[in-house]
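See below for the structure under consideration.
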Amino acid sequence: MPDRYAVVGNPVAHSKSPLIHAEFARQTGEPVEYGRVLAPLDAFAATIERFRAEGGKGANVTLPFKEEAFRLATRLSDRARRAEAVNTLRFDADAIFGDNTDGVGLVNDLVRNLGVKLAGARILLVGAGGAARGVTPSLLEAKPASLTVANRTVPRAEELARAFGAPLVARSFAALAGEQFDVIVNATSASLAGEAPALPAGLYALGATAYDMMYGKGETPFLASARAQGAARLADGLGMLVEQAAESFFIWRGVRPDTAPVLALLRSLA
Ligand code: NAP
């Protein structure tokens, strides 16, 4: 019998995680079966308990439950504790271990797959929701020259900067005018509404990278705007999705899958 895992969220029907983990299982020969579980908005904990009672070994957690998963975990990794958000649960005999692999996923995609230098870079993180919070510890670990968080609702960015402290600083979109960045990461869900965050012009330094955590068919509004602004390199979040999944797989199985063929497969299907 294969070990059972699932992505738990609401909605989950669109999730590519089952395909990614099926490919990882095939590639590594690990006996893993990975499905989707739709949790009612008011019953995340009960859904996880049921899945665990039915023999589930672990789960990925997606929107809107990452903070609830953080509270449900009885043991946490340092990065999950700092992010106060969990996207990976592992059901151990004596504990529910919670981790957050979004930050490693983003950094691995930027550094390993795309060859972007984060050490010494001026990084702008746009958005202050769960995704921004989740990747902040890993971005800080990458030793950038500066890390600035900007959000439409400014107090949320200020709260994030307070939680992490220097060198993270908070700005309103308007207050960014006149600054330049080497890497700009869009961690907002603005693309879902067909919009780009209303950033001032002129933020992209020479050779800068624009990275949108969103992915989908065609160029996102954020990447289209970055292209028009002269960003040298553009990438969507599909690589992050595959990299964060690989880190979850490693947490569950102790085996690190090769992400390149899986990312190529997803790109061929897009
Ligand atoms: P969230 O907690 O709901 O936060 C949404 C963020 O987007 C907030 O900062 C919000 O600003 C901002 N926002 C929404 N609409 C906007 C607009 N029109 N203009 C400017 N800002 C806007 O969501 P999340 O969990 O952080 O997720 C954010 C995105 O990251 C989602 O699209 C998600 O799919 C993506 N993501 C991708 C991966 C991956 O593996 N590729 C992993 C995690 C997340 P306010 O505070 O002002 O409302």
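The values are calculated or read from the model by the stated rules, or taken from the named source; none is laboratory data. All values reported here derive from a predicted model rather than from experimental measurement. When we count neighbours, we look across all protein chains shown, and the Cβ atoms used for this are built from the backbone with ideal geometry, even at glycine. The area values use the complete protein model at the heavy-atom level, side chains included, leaving out ligands, DNA and RNA. Shrake-Rupley method; radii C 1.70, N 1.55, O 1.52, S 1.80 Å.
When you scan the stretch 33-91 for helices (runs of 4 or more DSSP H) that lie fully inside it, which ones turn up with 1 or more residues that are β-branched (V, I, T) and open to solvent by less than 20 Å² (accessible area, probe 1.4 Å)?
On the way: elements: 44-53, 66-72, 78-83.
Those helices (runs of 4 or more DSSP H) span 44-53.
Going by the conditions given, is A246 more than 9 Å from the ligand (Cβ to nearest atom), crowded, with 20+ Cβ neighbours inside 10 Å and part of a loop (DSSP other than H, G, I, E, B)?
Working: more than 9 Å from the ligand (Cβ to nearest atom): yes; crowded, with 20+ Cβ neighbours inside 10 Å: yes; part of a loop (DSSP other than H, G, I, E, B): no.
When the stated conditions are applied, A246 does not pass them.
Mind listing whichever residues of the stretch 131-156 are within 13 Å of the ligand (Cβ to nearest atom) and surrounded by 24 or more Cβ atoms within 10 Å (Cβ to Cβ)?
If we filter the stretch 131-156 for residues that are within 13 Å of the ligand (Cβ to nearest atom), which is where we start, we get 131-136, 138, 149-156.
A131, A132, R133, G134, V135, T136, V149, A150, N151 - these are the residues of the stretch 131-156 that are within 13 Å of the ligand (Cβ to nearest atom) and surrounded by 24 or more Cβ atoms within 10 Å (Cβ to Cβ).
Here are L118, L124, L114: which of them is open to solvent by 50 Å² or more (accessible area, probe 1.4 Å), in contact with a helix residue (DSSP H, G or I) (Cβ under 9 Å, 6 or more places away or on another chain) and over 18 Å from V7 (Cα atoms)? Walk me through how you get there before you give the answer.
On the way: L118 fails: open to solvent by 50 Å² or more (accessible area, probe 1.4 Å); L124 fails: open to solvent by 50 Å² or more (accessible area, probe 1.4 Å).
Within the list L118, L124, L114, the selection yields L114.
Can you name the residue in the stretch 92-111 that is assigned to a helix (DSSP H, G or I) and touching a Gly at 6+ places or on another chain (Cβ under 7 Å) and, of all such residues, is surrounded by the fewest Cβ atoms within 10 Å (Cβ to Cβ)?
Start the filter on the stretch 92-111 by keeping residues that are assigned to a helix (DSSP H, G or I), which leaves 102-111.
Checking the rest, the ones that are also touching a Gly at 6+ places or on another chain (Cβ under 7 Å) come to 102-103, 109.
On the way: D102: 33, G103: 28, D109: 25.
Going through the qualifying residues, I end up with D109.
Output yes when any residue across the stretch 176-183 is farther than 20 Å from A231 by Cβ and modelled with pLDDT of 95 or more, and no when none is.
Restricting attention to the stretch 176-183, the residues satisfying the condition of being farther than 20 Å from A231 by Cβ are none.
No, the conditions are met nowhere in the stretch 176-183.
So, in the stretch 189-217, exactly how many residues are open to solvent by 60 Å² or more (accessible area, probe 1.4 Å), part of a loop (DSSP other than H, G, I, E, B) and either more than 9 Å from the ligand (Cβ to nearest atom) or in contact with an Asp or Glu (Cβ under 9 Å, 6 or more places away or on another chain) (or both)?
Final tally of qualifying residues: 3.
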